[in-house]
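*Asks:* I have a structure here, written as structure tokens, and I will follow up with some questions on it.
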Amino acid sequence: MMRGIMVAAIVGALSLAVGSAPESEVDSDSVTAKSGSTQTYAVLKRTKFDPKAHKISNVGDNVTIVDGTHVMGTDGEMPRYVLVAATVFNDGKWIRLDVSGCFNPWFKAAPLVRCERDGSIVRVYALLSDGAGAYAVVWQVRGGQSSREVFSNDEELIAFVHDRIKRRDENR
């Protein structure tokens, strides 16, 4: 019960029109999350989802799979948006991040996104939601390669990522 209340509070905070984490820039279809270094930042881009261009699998009335990938970001309804790209610019190079399965990443308010660099490792923390279907994503970039460390709608992981983003805010 407490976890459900905590996630509801986090989702509520995500849906407020107050912008994303400090040091982020937002327009309607992209978010740029800056790190402490001018040589390192992340860019997330979304576009409208066209269901006619994809293979959709349902369980009952719920959309569960798009093009063979589990759907995050909905409560079973047809996605309205898809995260089409996420990239990290680090030391003069662009590195692509895995965005498969990332739907409805934000609606009116910007998502909470944090990009941080620690030595040779870059991490991007994101809480994505359109007000329902919240989920957390953490990407790691090391040696020019990226991996997705977290991709989950689990309440505890959402709270963990939220705490990481907020802890970084408090240390600035």
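Here is a yes/no grid of residues against (1) hydroxyl-bearing (S, T, Y); (2) assigned to a loop (DSSP other than H, G, I, E, B); (3) over 26 Å from G68 (Cα atoms); (4) over 11 Å from the mean Cα position of the chain (by Cα):
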| site | (1), (2), (3), (4) |
| --- | --- |
| V99 | no, yes, no, no |
| A110 | no, yes, yes, no |
| V122 | no, no, yes, yes |
| A132 | no, yes, no, yes |
| S147 | yes, no, no, yes |
| A159 | no, no, yes, yes |
| D163 | no, no, yes, yes |
| K166 | no, no, yes, yes |
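*Asks:* Out of the range 124-143, which residues are buried (at least 24 other Cβ atoms within 10 Å of the Cβ), farther than 14 Å from R164 by Cα and of a type in the set (A, V, I, L, M, F, W, C)?
*Replies:* Result: L128, A134, V141.
*Asks:* Now, a different point. Across the range 75-97, what is the total count of residues that are out of contact with any strand residue (DSSP E or B) (no Cβ under 6 Å at 6 or more places or on another chain), part of a loop (DSSP other than H, G, I, E, B) and at negative phi?
*Replies:* 3
*Asks:* Does V141 count as touching a residue at least 12 places away in the same chain (Cβ under 8 Å), in a strand (DSSP E or B) and touching a Cys at 6+ places or on another chain (Cβ under 7 Å)?
*Replies:* Considered against the rule, which asks whether it is touching a residue at least 12 places away in the same chain (Cβ under 8 Å), in a strand (DSSP E or B) and touching a Cys at 6+ places or on another chain (Cβ under 7 Å), V141 comes out as no.
*Asks:* Which one is nearest to V137 (Cα to Cα) among residues in the range 9-56 that are surrounded by fewer than 17 Cβ atoms within 10 Å (Cβ to Cβ), at pLDDT 80 or above and of a type in the set (A, V, I, L, M)?
*Replies:* Filtering first and then ranking leaves I56.
*Asks:* Let me ask another. Inside the range 26-66, can you point out the residues that are free of Cβ contacts under 8 Å to residues at least 24 places away in the same chain and either of a type in the set (D, E, K, R) or in a loop (DSSP other than H, G, I, E, B) (or both)?
*Replies:* D27, S28, D29, T38, D50, K52, H54, K55, G60, D61
*Asks:* May I ask you to say which residue of I121, I165, I158 is surrounded by fewer than 16 Cβ atoms within 10 Å (Cβ to Cβ), of a type outside the set (S, T, N, Q) and touching a strand residue (DSSP E or B) at 6+ places or on another chain (Cβ under 7 Å)?
*Replies:* I121
*Asks:* Starting from residues that are among the small types (G, A, S) and under 30 Å from R117 (Cα atoms), keep the ones in the range 57-103 and report whichever is surrounded by the most Cβ atoms within 10 Å (Cβ to Cβ).
*Replies:* By that ranking, first place goes to A86.
The values are calculated or read from the model by the stated rules, or taken from the named source; none is laboratory data. Quantities reported herein were computed from a predicted structural model and do not represent experimental measurements. Counting neighbours? That spans all protein chains shown, and the Cβs are built from the backbone with ideal geometry, glycine included.
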